[in-house]
Amino acid sequence: MSVKPDKEILSKDFLFSLFYSAAHSYKCDNLIRPFPTSYKDGEDQKDFDALKDEISSIHGFGDDNWTTSHNTRMTSLVHNIINPKKFRVKFHTNTAQAFDRIRQETNDGSKDLTTSKMTSYIPDYVCELIYNEVEERRFSEIRGSHDTFLGFHGSKVENFHSILINGLKNNLNKTSLYGEGLYLSSDLKLALSFSPLVHQNWKYSVFGSQLGCIAVCDVIDHPDVRCSRAHAQSSANSASTRKRTTVAGSMGGEIPDKYFVVRNDDLIRVRYVLVYSPRAHKQFLRDYLQGRATSSALLRHPNHTQRSFFERNRFVLLMVGYVFVLALVNVLGSDKFARFKRRLLGN
């Protein structure tokens, strides 16, 4: 009997990886909100140690058997992580095509570069957030007659669980060169400078040990969105150019080209996430996205266990290799080896 592929396996893996990264961050208290009540003790204190121990016991979403080997508390937590209430995650089967469409919708300064120069900026995968009717209606009402545009927002992977679940928040932003607000750019290269690869992703993820993300956001072109003079002059809204190009308290003066500062959280939402995962199990993911592999095939994927072993023991293996090389150099430089070599060559 053929096994039907679990079409949500990538979204489950991705969402869980984001939660895992947030839970292991030193900022976890701010990044995991609301905090699951089942992981609070009798004095209403958050038990992050228990939370991290239990999520570390999840070894992948190859099939639904993971639910039978964990307690009810753990199962409920993971179910909520991989099934967000406001949206579902859709991975595009053709990454290049999806990325090209995004670049066409932005004024990305990197779009004039040749393909060879763009290689390091091209994401490995593109996922889209499909919002439910309530969220779509809410955003549409806020937008009203204003236009929208796309902007790139770079951030550390540990922040992305909060970004997707709670939205981008002004009060969590730390950048304020051009005034307080949420910073976006029309230049992907600029956004990527704020989004380093994490090198300790959830080790059972099909995306591998390294993960980086860029949020591609819908932005309502409202006067509360501050921008460069060129954008303000081309905008259809009636706010004065001077008002839109400056923010009170700015240390850098007018907002330069390619920057946007959003002052109102309701004027922005994540529409796509560009996923950078150079160590992903790419052959399996390629087959899976094309429907040539089932979810259960993940459990039999040879690289899944092999790669995890080498990544888990990379430092030890490097040290063993280093000691071996030192020992080899020592042997090759010894008098005994020199005498053996002369006898072998008959000298």
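The values are calculated or read from the model by the stated rules, or taken from the named source; none is laboratory data. Keep in mind the model is a prediction, meaning the values are calculated, not measured. Ideal geometry is used to build each Cβ from the backbone, glycine not excepted, and the neighbour counts take in all protein chains shown. Keep in mind that these areas ignore ligands, DNA and RNA; they rest on the heavy atoms of the full protein, side chains included. Shrake-Rupley method; radii C 1.70, N 1.55, O 1.52, S 1.80 Å.
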Open item on the list: Looking at Ala232 and the list (1) among the aliphatic types (A, V, I, L, M); (2) touching a helix residue (DSSP H, G or I) at 6+ places or on another chain (Cβ under 6 Å); (3) outside any helix (DSSP H, G or I), which single condition is not satisfied?
Closed with: (3)
Open item on the list: So Val198 ticks every box in (1) under 15 Å from the mean Cα position of the chain (by Cα); (2) modelled with pLDDT of 95 or more; (3) of a type in the set (A, V, I, L, M) but one. Which box is left unticked?
Closed with: (2)
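If only one of Ser38, Ser17, Ser21 is surrounded by 13 or more Cβ atoms within 10 Å (Cβ to Cβ), modelled with pLDDT of 95 or more and more than 24 Å from Gly291 (Cα to Cα), which one is it?
Values: Ser38 fails: modelled with pLDDT of 95 or more; Ser17 fails: more than 24 Å from Gly291 (Cα to Cα).
Checking each option against the conditions leaves just Ser21.
Going by what's in this entry, would Lys174 be described as assigned to a helix (DSSP H, G or I), at pLDDT below 95 and not polar (S, T, N, Q)? Don't jump to the end; show me each part of the working.
Details: assigned to a helix (DSSP H, G or I): no; at pLDDT below 95: yes; not polar (S, T, N, Q): yes.
For Lys174, the condition - assigned to a helix (DSSP H, G or I), at pLDDT below 95 and not polar (S, T, N, Q) - is not met.
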Task: Failed criterion for His199 (all others in (1) open to solvent by 80 Å² or more (accessible area, probe 1.4 Å); (2) within 20 Å of Ile81 (Cα to Cα) hold) - done: (2)
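Among the residues of region 267-291, write down those that are surrounded by 15 or more Cβ atoms within 10 Å (Cβ to Cβ) and either assigned to a strand (DSSP E or B) or touching a Lys or Arg at 6+ places or on another chain (Cβ under 9 Å) (or both).
Initial filter on region 267-291 (surrounded by 15 or more Cβ atoms within 10 Å (Cβ to Cβ)): 267-277, 279-282, 284-285, 287-289.
Of everything in region 267-291, those that are surrounded by 15 or more Cβ atoms within 10 Å (Cβ to Cβ) and either assigned to a strand (DSSP E or B) or touching a Lys or Arg at 6+ places or on another chain (Cβ under 9 Å) (or both) turn out to be Leu267, Ile268, Arg269, Val270, Arg271, Tyr272, Val273, Leu274, Val275, Tyr276, Arg279, His281.
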Task: Near pairs, Cβ below 9 angstrom, 6+ apart or cross-chain, from region 135-154 (under 27 Å from Leu188 (Cβ atoms)) to any residue that is basic (Lys, Arg) and not in a strand (DSSP E or B) - done: Glu135/Lys86
Open item on the list: Return the pair list, or none, for Cβ contacts closer than 7 Å from residues in region 205-221 that are assigned to a loop (DSSP other than H, G, I, E, B) to residues that are acidic (Asp, Glu), at least 6 apart or on different chains.
Closed with: Ser205/Asp13; Val206/Asp13; Phe207/Asp13; Ser209/Glu311; Asp221/Asp147
- [ ] Quickly run through region 127-146 and pick out the residues that are surrounded by 14 or more Cβ atoms within 10 Å (Cβ to Cβ) and part of a loop (DSSP other than H, G, I, E, B).
- [x] His146
- [ ] Would you check if Arg88 is in a helix (DSSP H, G or I) and modelled with pLDDT of 90 or more?
- [x] no
TODO: Give region 157-171 a look and list any residue that's over 24 Å from Val247 (Cβ atoms), open to solvent by 30 Å² or more (accessible area, probe 1.4 Å) and either assigned to a loop (DSSP other than H, G, I, E, B) or not charged (D, E, K, R) (or both), or say none.
DONE: Ile165
TODO: Can you confirm whether region 79-89 contains a residue that is over 26 Å from His281 (Cα atoms) and open to solvent by 30 Å² or more (accessible area, probe 1.4 Å)?
DONE: yes
